[in-house]
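Asker: Here it is, the structure in full.
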Ligand code: NAP
């Protein structure tokens, strides 16, 4: 057996938290002996009888003798006294830590009580508990899969912090580190305030007349809301007093919120009421999605300011080789159109109803941005969104930078749309988005008179100065990019005169089509699109078709897996997006479009695909911009085709969510697929390939493409870093599994 982390642990305050710490240390073999110090002989007897500790003393200095770790878990208000009492027994190298729910006051008390030993004090707080107290409630699994916050100060010995971190980790907890002030503020808002409100609501109602009568009719909501009022009043009394300043600040914020609510109720202001509740709804949805922990939710939760030990919430796909795809597969709504429906619906006059909205994180980032700018948006619920448009000039300044998560579309299109607003705004993104080029949109917008600055090397954050009059320009796009074209056209809505853009090759034209759908005139002439500024968007009903980029994985999967037969209903087949179908057909794929129809200005069809032998081709460069997002999937088709597939003219792939040429090449290499990388493309030689480990680098399309490769691999494929699949295709694993892919999410 390996050496335990500590020789002797002393628990001071053997209640729920201390008892559970002792039980977990025992169960995981983390100390040779565990003792307790308590003012009550009865508690010590109980602890020994339960097998939680070996021994104990009512004399605290006696209890900590020979201990190399002391864990203090008394009420916070008692900690100063307790630390002073145990100090004479401390050995020179002993580490002292605690589990108190408030950190600022405990740290001041420890500084005073411990004197020269203060540098060995590591303040901590396990975010785990129960409504029970006392050692009889001790639970060895209490901290497993829970968080523990450590708040070391500048004086804390880093080696001591590391050892405390190690013991919590060994108990199965996830350790976070933050400043004591931040801890107290966050806990005041998210734990102390809700407890105070629950106690207060029950008390307020109980004071009124016959409380029995009220509680008899109390519905489930009351029970849910007030569950935490069953917590230990002594402990909470203690916490409210000890975290006074932060709690009062949180209460102040809350009173402001209640005042806004009261005002809206009083005035019968349904826009304001819906605004508050829809924002709350979406904020809670993000909170609940925390376990999914994609880049978007992580930063929304402020975790960028927290250091965490573990990436365990980032799923890995374990693919068993073989299988085939069958059935009717309804893939999620089109991402490009979902983004634009929110943007144009927000700027329209009137109420826009959207169906088939993609509830992926990228489109949700756009939705949240407009909520932050004062637009009331109901939903999304089952793909339905109702947007209460504020008109072209009705957006309000957001209170904080707009967070775009992983979404390049949101950031680039919003840069254009916000260039002509009256207010300043800053756009930020996650680590991956923060590496993507933004000058390509900033440059033409500056020519229009916008004041935009970008970060290091032209990357996010993007800062836009408000109140700049824009003038129309003509812009010849240097690259075939729908995002840049759209940003300039959206800026053009606010410019004086006609703004026109000419593209070197056709790119997706959803912005132009949807502007038309909202009644905004767009002049289209060959490769040029143009808008006049100062017009008006009129609310409408929109049905977002299924996303061909998401369908692409199934087009490829069904083509390469023998015996497959799949129907993908209601997929958008806008000619600027169907490059993937054309390319796969050139390779010999059996793809048919059935039931072609028009849905709100966009062509849609049911796509039927059956397995077929594929052959390598030279991909026509004219098709490259029309299939730009689908190349990861096409590369997998190429790996299964007979002969060489050659791609050139696709340098744009290097600045997507990842460098898609290199990341795909690395993955293909891991599976043993013969290939050669070019600056602007790749050669892939098809044939049999094996299994292996693939890094998706957080790129959703890379992850899903390699998932499809498993249909033809000779060995299992492990795909890492798959959290961002939720950005474009929530529910992918489930849907693909249902269709026949052997996929396990770990
Ligand atoms: P608990 O079950 O009531 O245990 C508290 C322990 O502290 C008992 O062993 C008690 O000893 C001792 N104690 C009480 N008053 C004392 C005093 N004035 N002087 C010396 N010892 C005293 O409470 P708990 O839930 O474990 O909470 C302990 C600490 O953990 C608190 O600081 C709390 O803020 C923190 N915490 C609690 C939770 C939670 O959900 N419960 C979660 C995270 C952190 P006797 O048995 O001898 O009376």
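Read the figures in this text as sums done on the coordinates, not as results from a lab. All values derive from a computational prediction rather than experimental measurement. All Cβ positions, even for glycine, are placed from backbone atoms using ideal geometry, and neighbour counts span all protein chains on display.
Asker: Compute the length gained on full extension between residue 145 and residue 476: take 0.36 nm times their separation in residues and subtract their Cα-Cα distance, giving the result in nm to one decimal.
Answerer: Once the chain is fully extended between residue 145 and residue 476, it gains 113.7 nm.
Asker: Also, quick follow-up: Determine the percent antiparallel among the DSSP beta bridges restricted to the chain, to the nearest 5.
Answerer: DSSP beta bridges in the chain are roughly 55 percent antiparallel.
Asker: Modelling each spin label as a point 7 Å along the Cα-to-Cβ direction, I'd like the residue 182/residue 451 distance in nm, to one decimal.
Answerer: 3.1
Asker: Between segment 426-477 and segment 310-372, what's the alpha-carbon centroid distance in Å?
Answerer: Between the Cα centre of segment 426-477 and that of segment 310-372, the gap is 25 Å.
Asker: Additional query: Arrange the following residues from fewest to most other Cβ atoms within 10 Å of their Cβ: 204, 453.
Answerer: Placing the least packed residue first, the sequence is 204, 453.
Asker: In degrees, nearest 10, range 0 to 90: what is the angle between the Cα axis of helix 158-170 and the longest Cα principal axis of the chain?
Answerer: The angle comes out near 80 degrees.
Asker: Given R₀ = 35 Å, FRET efficiency for residue 326-residue 648 by Cβ-Cβ distance, to 0.05?
Answerer: Given R0 = 35 Å and the Cβ-Cβ separation, E is 0.50.
Asker: To continue, here is another question. Where a ≥ b ≥ c are the square roots of the eigenvalues of the C-alpha gyration tensor, would you call segment 627-730 rounded, which needs a/c under 1.5, or, failing that, prolate if a/b is larger than b/c, or oblate?
Answerer: oblate
Asker: With a ≥ b ≥ c the root eigenvalues of the C-alpha gyration tensor of segment 498-539, is it rounded (a/c under 1.5), prolate (a/b larger than b/c) or oblate?
Answerer: Oblate, because a/c is 1.5 or more while a/b does not exceed b/c.
Asker: Quote the relative contact order of segment 92-215 in percent (integer), defining contacts as alpha-carbon pairs under 8 Å separated by 6+ residues.
Answerer: In percent, rounded to a whole number, it is 24.
Asker: Let me ask something additional. Do the sum for the chain: with -39,500 (n - 2.57) for every DSSP H run of n ≥ 4, divided by all residues, what is the mean residue ellipticity at 222 nm, to the nearest 500 deg cm²/dmol?
Answerer: -11000 deg cm²/dmol
Asker: A follow-up question, please. Compute the length gained on full extension between residue 496 and residue 594: take 0.36 nm times their separation in residues and subtract their Cα-Cα distance, giving the result in nm to one decimal.
Answerer: My answer for the length gained is 30.9 nm.
Asker: List the relative contact order of segment 335-543 as a percent without decimals, with contacts defined as Cα pairs under 8 Å and 6+ residues apart.
Answerer: Relative contact order comes out at 21 percent.
Asker: While we're on this one: Ranked highest first by average number of other Cβ atoms within 10 Å, how do 421-428, 537-544, 16-23 line up?
Answerer: 16-23, 537-544, 421-428
Asker: Spin-label point model (7 Å from Cα, Cβ direction): what's the residue 536 to residue 618 distance in nm?
Answerer: For residue 536 paired with residue 618, the spin-label model returns 5.5 nm.
Asker: Full extension from residue 91 to residue 127: what is 0.36 nm times the residue separation minus their Cα-Cα distance, to one decimal in nm?
Answerer: Going from the current span to full extension adds 10.1 nm.
Asker: With an 8 Å Cα cut-off and a minimum separation of 6 or more residues, compute the relative contact order for the chain in percent.
Answerer: 10
Asker: Note down the nm distance, to one decimal, between modelled labels 7 Å out along Cα→Cβ at residue 225 and at residue 207.
Answerer: Label-label distance for residue 225 and residue 207, simple model: 1.7 nm.
Asker: Relative to the longest principal Cα axis of the chain, at what angle does helix 16-27 sit, 0 to 90 degrees, rounded to 10?
Answerer: The two axes meet at around 80 degrees.
Asker: How high is the FRET efficiency between residue 218 and residue 81 when r is their beta carbon distance and R₀ equals 41 Å, given to the nearest 0.05?
Answerer: 0.50
Asker: Shape of the chain from its Cα gyration tensor (a ≥ b ≥ c, root eigenvalues): rounded if a/c is under 1.5, otherwise prolate when a/b > b/c, or oblate?
Answerer: Judged from the Cα gyration tensor, the chain comes out prolate (a/c at least 1.5, a/b above b/c).
Asker: Using Cα atoms only, what is the angle between the long axis of helix 244-267 and the major principal axis of the chain, expressed in degrees (0 to 90) to the nearest 10?
Answerer: Between the helix axis and the principal axis of the chain, the angle is about 50 degrees.
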